[in-house]
Each structure stands twice: as structure tokens, then as C-alpha cells.
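So the structure is just underneath, and the comments pick up after that.
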Amino acid sequence: MTNIIDDDSLRSLWRQSDTAPAPLPLAEIKLRATAFRRAIGKRNRREYVATAFVTLIFGLYALILPEPLLKIGSLLIIVGGLAMAWQLARRTARPDPAAEAADVRSYYHTQLTTEARMLASVGIWYLGPMLPGLAVFMAGIARASGFGGMVGFVVFAAVPAFVFLGIWLLNRRAAAMLREQIDQLDDAPRATEGETI
């Protein structure tokens, strides 16, 4: 036997449901902003160390490898890595203790927005500068190994292409997750009291 619920019961149940987001406590926003700033700083330091490592390794390749395409590709990869590191430094939001102290909610929102934009465009500023050098380097590997044609290039370029695709997809996903956090911050009502925002 089924229970039949009338329209009035459904309306009253709907009115009773609380769908408004709860205010975020100020302490929670401060913790999130601090953790986010630290995570970005760690990520940037890792990227700078990786750039130094890539510069060292491909600098050695440019000196010791006999194939001209490998030398040119190595130098282009170094230039691309340095351009990527410069773009990372330029695009990352700067810590501003005064702004954070004045309005931590707006500061955190700005940090999230800046990072989301940066991650969404990673294909242009992060992967793009590396592509020319990597393409020339892969062509040099194909030629040096005796697979100098298009098939050899495609075989050697497949692995880096999949790695680049994975990096691009992961960063797009991270940007979407940050946009969800921004929406959550935007949707949470501001409290009139000083304890929550």
C-alpha cells in the first residue's frame, strides 16, 4: 500500500528545508587563505627547482649530444623552461598581508580567482613555451635513432604528448575546483556580526 502525500504537505516540507548556505566563520576563511598561500608557495618553489634541473640537464645535452637537432631542441627547451618559470612568477598572486588583514574574505577570493585563471590557461603559458623545443628534440631523437621520418617522430613524441595532455587536463580540473570554492565563498552570506563572514 502506498502513502499519498497531498500538495500542502509537500509545500510545507519545501518551506521548512533550509537551502541557504551557512556563513563561513572568519577563522575558517583565514585558515583556508593561509593554507592556500602556503600551497601556492610550495608549488612555485618546486617548479623553480624543476626549471633549474631542466636547464642543467638540457644544457649538458646541448654540449655533449652530437645531433644538431638535439642541440637546438635542448637550447629551445631551456628557453621554454625559463619562459615558463617567468610566467609562473608573473601570474601568481602576490601575498599582501595588509590586504589580508583588512578583508580576508576579499583577499582569499582574489587569490582563488587569480589561481583559477592561471590554471585554466596553463596550455598557453606553461606548456606552450616548451612545445617548440620538445618537438625539435623529439625530431632529433627520431633522426639519431634511424627513425627520421614522420612515423619515427610520432612514436617518439607520443609519450610527451600524453604527459602534456595529462598536465593540461589536471590543471583544467584544478581550475574548476577552485571556481567551485569561489562560488561557495560568493554564495555564503556575510554575517552582520564580526565572528563570521
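Of all residues in the range 124-144, exactly one satisfies the criterion of being buried (at least 21 other Cβ atoms within 10 Å of the Cβ) and closer than 30 Å to Asp186 by Cβ, namely Tyr126.
Looking across the range 97-110, the residues that are part of a helix (DSSP H, G or I), over 12 Å from Arg179 (Cα atoms) and not aliphatic (A, V, I, L, M) come down to Pro97, Glu100, Arg105, Ser106, Tyr107, Tyr108.
Taken over the range 68-117, the residue count meeting the criterion of being within 20 Å of Ala33 (Cα to Cα) and either polar (S, T, N, Q) or touching a strand residue (DSSP E or B) at 6+ places or on another chain (Cβ under 8 Å) (or both) is 6. Which one is modelled with the lowest pLDDT, of the residues in the range 21-64 that are aliphatic (A, V, I, L, M) and closer than 15 Å to Ala85 by Cα? Taking the candidates together, the pick is Ile40.
The lone criterion from (1) free of Cβ contacts under 8 Å to residues at least 12 places away in the same chain; (2) part of a helix (DSSP H, G or I); (3) surrounded by 14 or more Cβ atoms within 10 Å (Cβ to Cβ) left unmet by Leu63 is number (3). Annotation: Ala120 fulfils all but one of (1) of a type outside the set (Lys, Arg); (2) in contact (Cβ under 8 Å) with a residue 40 or more places away in the chain; (3) farther than 27 Å from Arg37 by Cβ; the unmet one is (3). Entry remark, the range 111-165: residues being more than 28 Å from the chain's Cα centre (by Cα), part of a helix (DSSP H, G or I) and of a type in the set (Phe, Trp, Tyr) number 1 in total.
Does at least one position in the range 40-51 carry a residue that is closer than 25 Å to Gln184 by Cβ and buried (at least 16 other Cβ atoms within 10 Å of the Cβ)? Yes, the range 40-51 has at least one match. Exactly one residue out of Arg90, Arg94 is in a loop (DSSP other than H, G, I, E, B), under 27 Å from Ile29 (Cβ atoms) and either without any contact (Cβ under 8 Å) to a residue 60 or more places away in the chain or not β-branched (Val, Ile, Thr) (or both): that is Arg94.
Within the range 35-47, being free of Cβ contacts under 8 Å to residues at least 40 places away in the same chain and under 30 Å from Gly140 (Cβ atoms) holds for one residue alone: Arg46.
Pairing each residue of the range 130-152 that is within 9 Å of Leu76 (Cβ to Cβ) with any residue that is in a helix (DSSP H, G or I) and among the polar types (S, T, N, Q), provided the two are 6+ apart or on different chains, yields C-beta distances under 9 Å for Gly133/Ser74; Val136/Ser74; Phe137/Ser74. Check whether at least one residue in the range 115-123 is of a type in the set (D, E, K, R), surrounded by 16 or more Cβ atoms within 10 Å (Cβ to Cβ) and within 25 Å of Asn44 (Cβ to Cβ), and report yes or no. Yes, that holds for at least one residue.
The values are calculated or read from the model by the stated rules, or taken from the named source; none is laboratory data. All values reported here derive from a predicted model rather than from experimental measurement. All Cβ positions, glycine included, derive from the backbone under ideal geometry; neighbour counts span all protein chains shown.
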